[in-house]
1. Taking the condition part of a loop (DSSP other than H, G, I, E, B), under 30 Å from Arg48 (Cβ atoms) and within 11 Å of the chain's Cα centre (by Cα), does Ser112 pass?
2. Select from the range 51-69 the residues that are of a type outside the set (Gly, Ala, Ser), at pLDDT 90 or above and assigned to a loop (DSSP other than H, G, I, E, B) and list them in ascending order.
3. Going through Val120, Val99, Val73 one at a time, which residue ends up being under 18 Å from the mean Cα position of the chain (by Cα), assigned to a strand (DSSP E or B), modelled with pLDDT of 95 or more and under 17 Å from Phe39 (Cβ atoms)?
4. Can you confirm whether Ser116 is surrounded by fewer than 20 Cβ atoms within 10 Å (Cβ to Cβ), in contact with a Leu (Cβ under 7 Å, 6 or more places away or on another chain) and within 29 Å of Asn173 (Cα to Cα)?
5. Which ranges mark the helices (runs of 4 or more DSSP H) fully within the range 138-198 that have 3 or more residues being within 18 Å of the chain's Cα centre (by Cα), over 30 Å from Ala63 (Cβ atoms) and at pLDDT 75 or above?
6. Before we move on, is Ser10 in contact (Cβ under 8 Å) with a residue 60 or more places away in the chain, surrounded by 17 or more Cβ atoms within 10 Å (Cβ to Cβ) and among the small types (Gly, Ala, Ser)?
Amino acid sequence: MIKKITTFTSLAAILDRANVDTDLIIPQKFLKSISRKGFGRYVFNNLRLRPDGSLDPTSSLNAPRYQGAGILVSRENFGCGSSREHASWALLDYGFRAVVAPSFGDIFKNNSFKNSLLLVELPGVTILELIQLINETPGLELTINLLDQRISGPKGFATTFDFDPYRKKMLLNGWDDISLTLKKEVLINAYERSHRYP
């Protein structure tokens, strides 16, 4: 089972750059565990931290207005680069539940889906509008409704988004590949019993 996603509201943060690759999300040197926990402290390490490990106050991601944000708004091709599931783990462990961008790297998209990190694609012009709105509105919260495929916010901001029907069904129900397979457990057991050897 994975975490169900239906509707949630959260503070929104901005990472205003394109082609954010998985090594920027979580540098390779921190990939020393197969546990999904503990990577949040390293997310965007090269953007958020100084070489001595202290927080860089000049980094927009460290701005007080973005602390506790559960939604990250970024530019096109987010999550490109090498295949590492740790990138999704790190974003989730840091507290992000969704990333909103014009497009995503294919492998990152698949990894995020399997870990219940919601990725929402919006046209570039809508992303620019949203970035401007967030910049002008400290403490801005967005509501993402997966069931209705809709994002809404203050000052009348509202837009719909496309979403793969299969992935939508899986996320709304909290199903992963294993739980989906186990829905056929009766048939699987019957098949196994009929093919037992003496």
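1. Values: part of a loop (DSSP other than H, G, I, E, B): no; under 30 Å from Arg48 (Cβ atoms): yes; within 11 Å of the chain's Cα centre (by Cα): yes.
Judged against the criteria, Ser112 is not a match.
2. Our first condition is that a residue be of a type outside the set (Gly, Ala, Ser); within the range 51-69, this holds for 51-52, 55-58, 61-62, 64-67.
With the extra rule that they be at pLDDT 90 or above, the set shrinks to 55-58, 61-62, 64-67.
Of everything in the range 51-69, those that are of a type outside the set (Gly, Ala, Ser), at pLDDT 90 or above and assigned to a loop (DSSP other than H, G, I, E, B) turn out to be Asp56, Pro57, Thr58, Gln67.
3. Working: Val120 fails: under 17 Å from Phe39 (Cβ atoms); Val73 fails: under 17 Å from Phe39 (Cβ atoms).
Testing whether each residue is under 18 Å from the mean Cα position of the chain (by Cα), assigned to a strand (DSSP E or B), modelled with pLDDT of 95 or more and under 17 Å from Phe39 (Cβ atoms) leaves just Val99.
4. Numbers: surrounded by fewer than 20 Cβ atoms within 10 Å (Cβ to Cβ): yes; in contact with a Leu (Cβ under 7 Å, 6 or more places away or on another chain): yes; within 29 Å of Asn173 (Cα to Cα): yes.
Criteria met by Ser116.
5. Working: elements: 165-173, 177-182, 185-194.
Hits in the range 138-198: 165-173.
6. Numbers: in contact (Cβ under 8 Å) with a residue 60 or more places away in the chain: yes; surrounded by 17 or more Cβ atoms within 10 Å (Cβ to Cβ): yes; among the small types (Gly, Ala, Ser): yes.
Yes.
Conditions tested, residue by residue: (1) touching a strand residue (DSSP E or B) at 6+ places or on another chain (Cβ under 8 Å); (2) among the aromatic types (Phe, Trp, Tyr); (3) surrounded by 15 or more Cβ atoms within 10 Å (Cβ to Cβ); (4) modelled with pLDDT under 85.
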{"position": "Ile5", "(1), (2), (3), (4)": "yes, no, yes, no"}
{"position": "Asp16", "(1), (2), (3), (4)": "yes, no, no, no"}
{"position": "Asp23", "(1), (2), (3), (4)": "no, no, yes, no"}
{"position": "Ser33", "(1), (2), (3), (4)": "no, no, no, yes"}
{"position": "Gly38", "(1), (2), (3), (4)": "no, no, no, yes"}
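The values are calculated or read from the model by the stated rules, or taken from the named source; none is laboratory data. If you're wondering where the values come from, they're calculated on a predicted model, not measured in any experiment. Glycine also receives a Cβ, built like all others from the backbone with ideal geometry; neighbour counts cover every protein chain displayed.
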